[in-house]
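Chemist: Provided herewith is a single structure, encoded as C-alpha cells, for subsequent inquiry.
The values are calculated or read from the model by the stated rules, or taken from the named source; none is laboratory data. Since the structure is predicted, the reported quantities are computational estimates derived from the model, not experimental observations. Note: areas computed on protein heavy atoms with side chains; ligands, DNA, RNA excluded. Shrake-Rupley method; radii C 1.70, N 1.55, O 1.52, S 1.80 Å.
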Amino acid sequence: SGNNYQKDLQFRKLNERKNDKAVKVMRGGDEIEVSVYDLLVGDVVKLDTGDGVPADGLLISCHGAYCFALYG
C-alpha cells in the first residue's frame, strides 16, 4: 500500500503540471502571461484561436466566436 500511495502522489503532481497552462491577461494596464492557477478576480484574459477558457467570467468583446457542446 505504501508503494501505491507514492505512485498516487507522483500521478497527482504530474496531473497538476499537465493542467498548468500559461494565459495572457491584462493586469494593471499591462499584458502579461500567468499560470491558470494565478488568475485573479479582475484579470482580463486574452484568448486566441484554439485557447480553452481557463475560468468563469464575462465576455467583454468578441469577433466571430462559436461554442460547441458535446454530450455523451
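Chemist: Round to a whole number: what % of the accessible area of the chain belongs to carbon and sulfur, probe 1.4 Å?
Modeler: Carbon-and-sulfur percentage of accessible area, whole number: 53.
Chemist: If you don't mind, there's one more thing I want to ask. Here are labelled values, [x] 1.12; [y] 1.01; [z] 0.97, and one is the computed Rg/Rh (Cα atoms, Kirkwood Rh) for what I pasted. Which one?
Modeler: Recomputing Rg/Rh (Cα atoms, Kirkwood Rh) here gives the entry labelled [x].
Chemist: Still on this model: Springs between alpha-carbon atoms under 10 Å, Gaussian network over the chain: tell me which of GLY50, GLY28, GLY42 tops the mean-square fluctuations.
Modeler: GLY50
Chemist: With a 1.4 Å probe and all protein chains kept in place, how much accessible area does ARG27 have, in Å² rounded to the nearest 10?
Modeler: My reading of the accessible area for ARG27 is about 80 Å².
Chemist: May I ask you to give the solvent-accessible area per residue for the chain, in square angstrom, as obtained with a 1.4 angstrom probe?
Modeler: 95 Å²
Chemist: Let me ask something else about it. Taking a cut-off of 26 Å between Cα atoms, list the lysines near LYS7, but don't count ones fewer than 8 places away on the same chain.
Modeler: Excluding near neighbours in sequence, the set is LYS18, LYS21.
Chemist: How far, in degrees from 0 to 90, does helix 2-19 lean away from the longest principal axis of the Cα atoms of the chain, to the nearest 10?
Modeler: 10 degrees
Chemist: So how much slack lies between SER1 and ASP56, counting 0.36 nm per residue of separation and subtracting their Cα-Cα distance, in nm?
Modeler: Gain in length upon complete extension: 16.0 nm.
Chemist: If you stretched the chain out fully between GLU16 and VAL44, how much longer would it get, using 0.36 nm times the residue separation minus the C-alpha to C-alpha distance?
Modeler: Full-extension gain reported as 7.8 nm.
Chemist: Something else about it: Under 8 Å for C-alpha pairs, at least 6 residues apart: give me the relative contact order for the chain, rounded to a whole percent.
Modeler: The value is 20 percent.
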